[in-house]
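Heads up: the structure comes next, in structure tokens.
Just so you know, all these numbers are worked out from the coordinates, no wet-lab data involved. Remember, it's a predicted structure, so these values are computed and weren't measured experimentally. Here the Cβ positions follow ideal geometry from the backbone for every residue, glycine too, while neighbour counts run over all protein chains shown.
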Amino acid sequence: MNPIRQLALINPNRVWVVAELDKLHEEWVAWAKVVDAIIDHPYDQRTQSEVFADGEANMSQHDVLQTKTLTFLNNNIQGHGFIDGFDGNGCDRTDLRLKHRVKHRLHRLELLRASLQYALNYVEADISQKPERVKLSTPGGTYVHPERIEELSELKPKSVDLTKLVAILSEINVCHQNRCYFALAALVRTVLDHVPPVFGYKSFSEIANSHAGGKSFKESMNHLDSSARKIADQHLHAQARRSEVLPNIVQVDFSNDLDVLLGEIIRILKV
């Protein structure tokens with residue numbers, strides 16, 4: 001067995017990478033159960049090897065899952081060791097039945113998950129990599145719920161391009177993960193400046209005062225427009241002083257109100 005080499009994250013969004021890796025692991029576990037239950041398919045023994053007893057459809061499904069996994073790993077985790085080389089030449093034994101191939105791939109994935117978890121359990125510059133809690137309850141304790149980012153990523157409205165918004169939200173989670181609270185406050189304000197055209201307005205104040213989202217929505221938007229904006233402005237524009245107090249998560253935690261905003265964006269763009 002070749003060791004996993006120089007394991008490191010390419011994608012700085014640790015929470016998302018770990019969550020996606022867990023999902024892939026679940027897919028492989030489910031696929032292993034399917035493969036274990038395969039009943040041999042008929043095949044031409046004169047021109048085909050025994051591996052075709054697994055059925056060409058199953059072989060193809062395995063290739064799809066393997067390629068999907070490699071694409072994710074190559075894009076997000078350096079030195080993952082799942083297969084050496086994208087196409088698996090020299091490592092992926094295509095001359096073996098699926099039950100053996102799946103067993104090998106699942107074993108490598110489990111080694112990777114364990115190694116990655118160990119690699120992420122460190123403290124750098126006196127900052128724990130575990131994010132501080134926010135008001136919004138999310139998987140992994142993220143500032144922006146991963147499902148919100150996923151839902152926005154899947155929307156393809158003709159009126160606006162959501163690519164930048166999705167990127168900003170992902171960066172907010174990265175800043176929260178690493179306790180970069182100056183940047184976090186600035187990015188929340190960036191969201192407020194970015195989204196008015198989604199609602200057909202020119203400013204966020206117009207959303208807070210005029211959008212027909214109900215009383216609770218209006219209260220959340222007014223809180224964002226007044227408190228979140230002012231806190232961000234304070235940190236962005238204040239000049240050097242004889243003494244400073246750094247922001248903490250309590251000061252920059254607008255996760256609940258931001259989630260209300262994102263939920264309304266998703267709702268109106270689904271129509």
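Less than 12 Å Cβ to Cβ from His107, Lys/Arg counted +1 and Asp/Glu -1: what total charge do the surrounding residues give?
Details: positive: Arg101, Lys103, Arg105, Arg108, Arg113; negative: Glu110.
Value of the local net charge: +4.
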What is the Cα coordinate range of the range 8-120 on the first, second and third principal axes, sorted by size from largest, in whole angstrom? 51, 26, 18
Options [x] 19.4, 60; [y] 23.9, 86; [z] 31.2, 125 are given for Rg and Dmax of the Cα atoms in Å, and the computed one is [y]
Using +1 at the C-beta of Lys and Arg and -1 at the C-beta of Asp and Glu, which of Ser220, Ser243, Ile266 has the Cα lying farthest in the positive direction of the dipole of the range 133-270? Ser243
Over the range 133-270, what per residue volume does the convex hull of the Cα atoms give, in whole Å³? 107 Å³
Positive-end residue, the chain charge dipole about Cα centroid, Cβ charges, pick of Pro196, Val34, Val17: Pro196
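Which of the trypsin sites (Lys or Arg not before Pro) found in the range 186-237 are in a DSSP loop and have at most 13 neighbouring Cβ atoms, other than their own, within 10 Å? Intermediate results must be reported in sequence, preceding the final value.
Details: sites: Arg189, Lys202, Lys215, Lys218, Arg229, Lys230; in loops: Lys202.
Loop-located and lightly packed - Lys202.
With +1 on each Lys and Arg Cβ and -1 on each Asp and Glu Cβ, and nothing else charged, work out how big the dipole of the chain is about its Cα centre, in Debye to the nearest 20. Present the calculation step by step, with values, prior to reporting the outcome.
Working: 32 positive and 35 negative charges, 129 e Å.
For the chain, the charge dipole is close to 620 debye.
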Take the Cα coordinates of the range 164-236, assign each an equal point scatterer, and use the Debye formula without solvent to give log10 I(q)/I(0) at q = 0.24, 0.28 Å⁻¹. -1.10, -1.23
Straight-line reach from Lys164: which lysines fall under 28 Å, measuring Cα to Cα and dropping same-chain residues less than 8 apart? Lys23, Lys68, Lys130, Lys135, Lys156, Lys202, Lys218, Lys230, Lys270
